[in-house]
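Chemist: Please read through the structure below; I'll follow up with questions.
What follows draws every value from the coordinates through simple rules; no lab data is involved. Here the structure is a predicted model, which is why all the values come from computation and not from measurement. Cβ placement follows ideal geometry from the backbone for every residue including glycine, while neighbour counts extend to all protein chains displayed.
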Amino acid sequence: MNFLSVFILTVVISVAATLLVKRLAVKFSVVDTPNLPRKIHEKAVPLLGGAAIFVSFFLALLFSLSSVLSRGLTGMQLAAFFCGALVLLVGGVLDDVFNLTPGRHFVFSVLAALVAIAGGITIVKITNPVGGLLYFGSFVSAALTFVWLLGMTYTTKLLDGVDGLVSGLGVISGIIIFLFTMTTHYYQPDVGLLAMLFAAACLGFLFFNFYPAKIFLGDGGSLLVGYVIAVLAIISGAKIAVALLIMGIPILDVAWTIVRRLWSGQNPFRAADRKHLHHRFLAMGLSQPQTVFIYYAFAIFFGILALFLQSQGKIIAIGVLAIIMVCIIFLDTFKMIR
């Protein structure tokens, strides 16, 4: 298969889908109005961008289905992948239109995770840092997968506050996972194809989402990106450490946000504020593109590093990321970042 041709075709489909979705969002007034202090855009911007990524990704996958199914992935897994993504998208669109309560919105995320697990998308084993593999029983496997899927979907949801940030990280994640699956040791062209299609779908959308954004992902889109990254990490052989390195800073930022809000007695998923790391960068005087490029740089550096590190090296790299985040939190606590 000519991966480059498929990649370019998917980008074109994504561009067309984004233009169509943008028009529909404007026509039906599904827009994000800057009516809250935490919002940094200055005028109403169309939502529903996640629908463009969803349509272009799965439409391109449909055209390439024979290549995917001829390898290790099963039809049940792909169906569960699709249905879980669809559930998230529908829930997100409903939230964008009707502003659902956090509890009702959370139901869609839980349902999407359960659908994926029921379809056989589970973390069966992970690499033991001291050697060998750690295998899990069905209950532990399902529980770990559930936490992983929810954690990643809400990471990208809470991270989606700067133009081009989440969609750009989707491009980087897809490309890194594609490169990983093309190595001789982990050769998985079926998963690589999925990762490449996802990167292309995000890239076509990113052309319109980068600063100044002409369309936003919307709630469904921000959840969808995290969900796809999480699933790709699982079906590529439970390479959770790779995804953790690519998304390390965002994950740690969201984890700190949840801890901080709980400590303050706030709902960690409802109490939106301007204390995320990207908001801190903006408060320091950095522009939106500069802030986004910092995230991109971390993701690319640690993602490429993951291609060359063994298990113990990846654990050390994750530790380095954690130390970096702790330093940032320390500075934030003492008001050195304003």
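Chemist: Taking 7 Å along the Cα-to-C-beta vector as the label spot, tell me the residue 263-residue 63 distance in nanometres, rounded to one decimal.
Modeler: Result: 5.0 nm between the two label points.
Chemist: In the chain, if the dipole is taken from +1 on Lys/Arg beta carbons and -1 on Asp/Glu beta carbons about the Cα centre, which of 126, 177, 224 is farthest to the positive end?
Modeler: 224
Chemist: Can I ask one more? Under 8 Å for C-alpha pairs, at least 6 residues apart: give me the relative contact order for region 3-239, rounded to a whole percent.
Modeler: 32 percent
Chemist: State the extension gain, in nm to one decimal, for the chain segment bounded by residue 106 and residue 275, taking 0.36 nm per residue of separation less the distance between their alpha-carbons. The partial results should precede the final answer.
Modeler: Numbers: separation 169, 0.36 × 169 = 60.84 nm, distance 2.25 nm.
Extra length available between residue 106 and residue 275 comes to 58.6 nm.
Chemist: Now for a different question. Which value, in debye to the nearest 20, gives the size of the charge dipole of region 1-102 about its Cα centre, when Lys and Arg are +1 and Asp and Glu are -1 at the Cβ?
Modeler: On the way: 7 positive and 4 negative charges, 30 e Å.
Result for region 1-102 is approximately 140 debye, rounded to the nearest 20.
Chemist: Separate question: Within region 110-133, list the residues whose amide N lies under 17 Å from a label point set 7 Å along Cα→Cβ of residue 140.
Modeler: Counting backbone N atoms under 17 Å from the label point, the list is 122-133.
Chemist: Just how far, in whole angstrom, is region 102-121 from region 201-262 if you go by their alpha carbon centroids?
Modeler: 17 Å
Chemist: Restricting to DSSP H runs of at least four residues, report the calculated mean residue ellipticity at 222 nm for the chain, -39500 (n - 2.57) per run over all residues, nearest 500 deg cm²/dmol.
Modeler: -23500 deg cm²/dmol
Chemist: Return the FRET efficiency for the residue pair residue 287, residue 187: r is the Cβ-Cβ distance, R0 is 41 Å, and the value is rounded to the nearest 0.05.
Modeler: 0.50
Chemist: Would you calculate the separation in nanometres between label points at residue 98 and residue 310, each defined as 7 Å from the Cα along the Cα-to-beta-carbon direction?
Modeler: Going from the residue 98 label point to the residue 310 one covers 5.4 nm.
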